[in-house]
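To start, the structure under review is shown below, and the notes come after it.
Throughout, read-outs are computed from the coordinates displayed, never taken from laboratory work. Everything numeric here is computed off the predicted structure, so don't read it as measured data. So basically every Cβ, Gly included, is an ideal-geometry build from the backbone, and we count neighbours across all protein chains shown.
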Amino acid sequence: MTSRHRIPRSILRTLQLATSAGLVVACSSMAPEKPAVRSAAPVAQEEARQARVSTESLSAAAVADSPDDEVSVPEQDIYRAAPPASAQPASSPTPRAPAAEPEPPPPAPVTTVALATKAGEDRGGAMSGRLAREAKKDAADTRAPAKSKRPAPSAGAEPSWMAQGASAPGGEFEGREARFNSFTHTDRDALSTFAIDVDTAAYSIARRTLMSERMPTPSLVRVEEMVNYFRYDYPAPKGEELFSIQADGAAHPFLEDRKLLRVGIQAKEVTELDRRPANLVFLVDTSGSMSSGDKLELTKAALTLAVDRLDARDKVAITTYAGGVNVVLPPTPGNQKQKIKAALRRLRSGGGTAMSSGLELAYQQAAKMLSPDSVTRIIVASDGDANIGSTSPDQILKRIEGYKEEGVFLSTIGFGQGNYKDAMMEQLANRGNGNYYYIDSMRMAQRVFSRDLFKMVQDVAQDVKIQVEFNPESVAAYRLIGYENRDIADKDFRNDKVDAGEIGAGHQVTALYEVVLTEEPSERLATVRVRAKKPRGTKAKEVGFDVATNLVTRTFASAPEDLRFATAVMGGSELLRRSPFAEGWSFADVIRIVSETRPYDEPDRAEFLSLMKKAAHLSGEDRPIGMR
């Protein structure tokens, strides 16, 4: 496809070089029909500016049950976009003087759509200290053709922002090889399609490693899990809406020819009274590898917190696996707390690890508790090691695939370090339609099993897919930051047989893109589409809206505080995983951006700031921390 827009000469040259080198992603054969772009009248724009948030909803009636779980939604309702909030036109950010105070942020430009169905960066510079030397061993030493105050790249260097996905090695926590999404030219493929992910294990693992005075294993730092660990100020769904969607954008904090796009989803909260009964199977790894205090003993303490949240509506069964498998407690009402806790206290470690047989037994117990009005979930507590019988996620889950179709979901909770199998735990949760968390302390146990237990087990929507279609007249190239192992073929966006991600009550999902605009971008930047099924439904419903180019703020300092913080988390994560797209970032930059977002108002954000300071020290970074 040949676009008729004008691309800046420097960017065009880079794209041509990348194309000739075979670095651009091939175009998918399926391109969804684009909704028409509406230009809002000045009066409507002013109203949107005053409202700050424009919301488009599908009525609750649209999700009433019908034959085959199919709901008829008019095409114009699916794609109808509310008039975008007015914002300053997108352009290159104004250079910031070192001593200048950041300008006060204007009302956040946001477009939201509520779905009523059940539903990187381099600056042409270089990193310093030991981290830079290690990164050069793991990825090609490339630079971006970016407009920046940083030292210019050497002549002829291949731009890192068009580099192919690189890889970095792994350590004490065992994971898969690291992968990095590269930039994609919109003339070749304007569609970005992926499954949502609400896991947060990567953040907890990184925290534990940093607090142990070590840098994390790069392959275990998944950007989406780092970003999604934190809460953001997304608009809550209204009335019967099950979740809301928003999009906003900002100038890149350092690169004049890059912009950032954020897509956020907020699921509906469910009260204690309104939640469905929970049927839980605690599948506990009691093998010899779980003998340390931060494994089995912490597991028992954490699951005890979950028991305290249950009542007579709920049921709990406890099964274990080591060299063999055992039903420690058959399905028991949740109000029999002392009986359940006594069964947990009796657990002891020893023997091999027959995870596959343990899962089969757990699914059999879960099947006994299935009912249409309840949620049924297996919670696996383990270090991920499996050495008896089937030992890979594919082999293990292939044997119990049918249970998932019946409504039994599986979440994994990781414990301990040393021979910890991150890839096993993550893939079991992904394939089991569940979540993946890592418990490194009682504080984290309280977060997962006390505060957020019913967010984990009370699903709001299933098989949730996001597709962003970038407008080639506005966007020359784009890069999805993270979600490398959640990629979905563009042609499968509307294939309801393709598995995707689940979202629980109150959960949030955040995705960040880095984009390169054309020289004269048009009114529409992109179209965001979300497709999801209601729980145990078979037909997905789809909603979409246009994102106006003028939603991108003129400067990074004027972007919403939440977006600036999420960008800092992204930048820090890229550094920790030694991404080739992090060259030019420094931990000092991350620390400065976080410090400008009032982190001490929220304990989690204050903790992240502390971790980034520790990472700066461990990396040997010697650059000054302050405004530059």
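Observations, loosely collected:
- Sorting 212-222, 374-384, 344-354 by average packing, meaning the other beta carbons within 10 Å per residue, from highest down gives 374-384, 212-222, 344-354.
- Dipole magnitude of the range 439-566, debye to nearest 20 (Cβ charges: Lys/Arg +1, Asp/Glu -1, about Cα centre): 680
- Were the residues from residue 311 through residue 451 laid out at 0.36 nm apart, the gain over their Cα-Cα distance would be 48.9 nm.
- Label zone at residue 336, where the point sits 7 Å out along the Cα-to-Cβ direction: the range 276-316 residues whose backbone N lies under 20 Å: 277-284, 303-316
- Among the listed pairs 268/533; 455/534; 295/337; 238/315; 339/404; 315/339, those beyond 24 Å (Cα-Cα): 238/315; 339/404
- 509, 498, 227 arranged by Cβ crowding within 10 Å, fewest neighbours leading: 498, 509, 227
- Cα gyration tensor shape for the range 278-457, rounded if a/c is under 1.5, else prolate or oblate: rounded
- Cα gyration tensor shape of the range 327-387, rounded if a/c is under 1.5, else prolate or oblate by comparing a/b with b/c: oblate
- Across the range 278-457, the relative contact order, built from alpha-carbon pairs under 8 Å that are at least six residues apart, equals 26 percent.
- Estimated distance in nm for a label pair at residue 419 and residue 292, the labels positioned 7 Å out from Cα along Cα-to-Cβ: 1.1
- Scanning residues 5 or more positions from residue 477 or on other chains, those with amide H under 5 Å from its amide H are 186, 516, with H placed 1.01 Å from N in the peptide plane.
- Near-label residues of the range 270-297 by backbone N, under 18 Å of a point 7 Å along Cα→Cβ of residue 367: 279-283
- Computed from backbone phi with θ = phi - 60° and the Karplus coefficients 6.51, -1.76 and 1.60, the 3J(HN,Hα) list for the range 456-471 is 6, 9, 9, 6, 9, 8, 10, 6, 7, 10, 10, 10, 10, 9, 7, 7 Hz; x is used for glycine and proline.
- Anisotropy class of the range 174-281 from Cα gyration tensor, a/c 1.5 cut: oblate
- Least to most buried among 269, 241 (fewest other Cβ within 10 Å first): 269, 241
- For the range 496-511, the residues whose backbone nitrogen is under 15 Å from a point 7 Å from the Cα of residue 231, taken along Cα to Cβ, are 505-509.
- Here the Karplus relation 6.51 cos²θ - 1.76 cosθ + 1.60, evaluated at θ = phi - 60°, turns the backbone of the range 327-341 into coupling constants of 8, 7, 8, x, x, 9, x, x, 7, 8, 5, 5, 5, 5, 5 Hz, with x for every Gly and Pro.
- Net length gained if the chain between residue 326 and residue 301 were fully extended (0.36 nm per residue, minus Cα distance): 7.0 nm
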